[in-house]
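Single-structure report; data block below.
Derivation of every value follows stated rules applied to the coordinates shown; laboratory data play no part. Since the structure is predicted, the reported quantities are computational estimates derived from the model, not experimental observations. Neighbour counts run over all protein chains shown; Cβ positions are idealised from the backbone, glycine included.
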Amino acid sequence: MSAVLVVVDHDRGTIAPASLGAVTAGRALARQIGGELHAVTIGAGADALAGVLAAHGASTVHQVHHAALVDYGPEAWGEALAAVVRALSPAVVLGCGTERGHEVVAQAAARLDAPAAMNCTEFDESFDGSGPLKVVRARWGGSLMEQAEVDAAVRFVTLANHVVEPSEAPVAHATTVHDVALPDSVLHSFVRDRVERTAGVTLATAPVVVSGGRGVGSAEAFAPLEELASLLGGVVGCSRAVTNNGWRNHADQVGQTGTRIAPDVYIACGISGAIQHWVGAMASKNIIAINTDKDANIVTKAGYAVIGDLHKVVPAISAEIRRRRGA
Amino acid sequence: MRILVCVKRVPAPGARINITADGQAVDTAFLGFTVSPHEECAVEAAVQLVEQHGGEVTVLTLGPAEAEEQLRTAVSVGAAKAVLVPIDASDWDPQRTARAIATVVGAIEAQDGAFDLVLFGNESADSCGYQVGIRAALSLGRPMVNGAKGLEIEDGHAVVKREADAGIERYRLPMPAAVGVKEGINLPRYPTMKGRLASKKAEVVRTEAQAGEGGLRMVQLQRPPERVSNVQIIGTGPEAAPAVVDLLVELGVMS
Ligand SMILES: Cc1cc2nc3c(=O)[nH]c(=O)nc-3n(C[C@H](O)[C@H](O)[C@H](O)COP(=O)(O)OP(=O)(O)OC[C@H]3O[C@@H](n4cnc5c(N)ncnc54)[C@H](O)[C@@H]3O)c2cc1C
Ligand SMILES: Nc1ncnc2c1ncn2[C@@H]1O[C@H](COP(=O)(O)O)[C@@H](O)[C@H]1O
């Protein structure tokens, strides 16, 4: 009987939330093909995840063991996954739409010279486990979608982030340990060491993002945006025009090649709203555009807009906030 | 140090991406083209490494004849050699692309010696496949890490930094190695006048590569559902400030 195999993204045993979304999506696919849902965890440090995977519907959890599989290593993980795939011959291998998810799936698919479709948002509901798997996947960072076919005996795919919310469906589960042999060649690319991140509000998590584009004009002219952001307990973001000009660090960039954000309020100042910027900001709950051009793309797409010069509007908003706070 | 960078020619759309009537491609009738952003940074990373350690940068693209333009752009910012692997109009699938790149790299290396580093982008801007570099690196027998936000050379090793949720990870790959670079690793330079002249004169070597098709087939492109919004203009100029603050209170981000 053919199975759907979900690849679990974890960091030294801490599961990436996207993994449970993938298990949930895998459950639907497995039911559809009349097969079992399996999951694979790489490294003994992740053995304890079997329970939560079963709670989400995985009836068999494959646990790959090797002395070297302590930290993450893309090639070793790819080799480990390939070994399980060879042993199981699943109809579908489903990974997460995370950095590691894409990388491990690509590494394993490369080893089997099998095709892989990344960032899928839909799987053909009439797929019965044979023939090509039809998918819809995100291209251009989500600005464009592609209907595609994955034509192979084992169909490697990743699920785009936030497409399927995790839901529980507990089953009894078995675990299978795979003691794999890893060639020396894959042992080079492990994480050697890491610098832990300091906690704090980041672009990705801030409730308010005040973002500036080319219209801001210079690095110095971001000061009023900084002020407004701090009055609102938020952070400053920017467009690629800004990072390209060296006005701000790339860490602040919102968009296809920057950060995807979903704040409560996104205030876009002097940003035209090119599609590659928009895909990074569109998940914001509310968007306020401040722009001199009433026909700018961002203005027509935003919920709210102020038409005017950001150099005057932004300081006026800050002044009004301070006035109301009596400071 | 010999470094190869694989770059892809992609359209540079503005407010939206339009699709041709048959749904098979992006309508590029009114668009310019560019090097995919992550790869632009890969070229810059390669040029900086060569400035530090000596050697030369070669750029390679698999694409239509027009992709020469992107190779010349790379030469204008410091690449020394350019290789075009010509294909007809439509994109090749990732397996086919990777096989062709690996074949051509292998042929160049057989003649001129090995590349110490082969650089890719983390993902191409248009197809977003996250795999051509990984596949090509495997065929070429090189260790490969994607997502590089830092790249340095230390005693024959490529030291890669990568951002993860938990912090910054460091990898250390023995060279020859392959690395997938992400935008933000550096700020690509603009071409100098001298660079522009060099790029006009540079020879673009054409190398054909045969490679069988892979199993990922595009059926059709489609636009994602668009967010419909009835924008509410809350004011004009600084006089709008009180209305904006009222709105911020209403939206619950200010008390
Ligand atoms: C593959 C690819 C990936 C990309 N990835 C990203 C990405 O991740 N993020 C990103 O942002 N871009 C990205 N881009 C670039 C994108 O296409 C645009 O070029 C960029 O977003 C434009 O930035 P901007 O809106 O700041 O500048 P512009 O498009 O120049 O817009 C400036 C705006 O400011 C307004 N303005 C000017 N002066 C004032 C003023 N005084 N007051 C108020 N308004 C004013 C103008 O009316 C205009 O609307 C990418 C491009 C490509 C090809
Ligand atoms: N046609 C191409 N020519 C040269 N390099 C390519 C091509 N397609 C992909 N690549 C390289 O492989 C990387 C990953 O591409 P992809 O798998 O399409 O996301 C890109 O960032 C490029 O460095």
Charge-dipole axis of the protein assembly as shown as Lys and Arg at +1 and Asp and Glu at -1 on Cβ define it, positive-most pick from B:Gly141, B:Ile19, B:Pro174: B:Ile19
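If the limit is 19 Å between Cα atoms, which of B:Lys8/B:Lys182; B:Lys81/B:Lys149; B:Lys81/B:Lys200; B:Lys8/B:Lys201; B:Lys8/B:Lys81 go over it? Kindly include the intermediate steps, with their values, before the conclusion.
Details: B:Lys8/B:Lys182 14 Å; B:Lys81/B:Lys149 25 Å; B:Lys81/B:Lys200 12 Å; B:Lys8/B:Lys201 21 Å; B:Lys8/B:Lys81 16 Å.
From B:Lys8/B:Lys182; B:Lys81/B:Lys149; B:Lys81/B:Lys200; B:Lys8/B:Lys201; B:Lys8/B:Lys81, over 19 Å: B:Lys81/B:Lys149; B:Lys8/B:Lys201.
I'd like the FRET efficiency for A:Thr176 and B:Arg223, computed as 1/(1 + (r/R0)^6) with the beta carbon distance as r and R0 of 45 Å, rounded to 0.05.
On the way: r = 43 Å, r/R0 = 0.97.
The formula returns an efficiency of 0.55 here.
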Per-pair calculated FRET efficiency, R0 = 35 Å: A:Thr198 and A:Ala44 via Cβ, rounded to 0.05: 0.70
Mind checking which lysines have their C-alpha under 25 Å from A:Lys301, skipping anything on the same chain fewer than 8 residues away? A:Lys285, A:Lys312
Based on DSSP, what percent of beta bridges with both residues in chain B are antiparallel, to the nearest 5? 40
Give me P(r) over the protein assembly as shown, computed from all C-alpha to C-alpha distances, binned every 10 Å, as integer percentages. 3, 17, 26, 26, 18, 8, 1, 0
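Just need the relative contact order of segment B:2-206 here, percent rounded to a whole number, with Cα pairs under 8 Å and 6+ apart.
Values: 424 pairs, mean separation 53.8, N = 205.
Relative contact order, segment B:2-206: 26 percent.
Taking Cα pairs under 8 Å and at least six residues apart, what relative contact order does segment A:3-186 come out at, in percent? Could you put the intermediate results ahead of the total?
Values: 430 pairs, mean separation 53.2, N = 184.
Reported as a whole number, the value is 29 percent.
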Output the Cα-based Rg and Dmax of chain B in Å, rounding Rg to one decimal and Dmax to a whole number. 21.5, 70
Between the alpha-carbon centers of segment A:184-208 and segment A:11-50, tell me the distance in whole angstrom. 22
So if I take the centroid of the Cα atoms in segment B:1-68 and the same for segment B:179-255, what is the distance between those two points in Å? 14
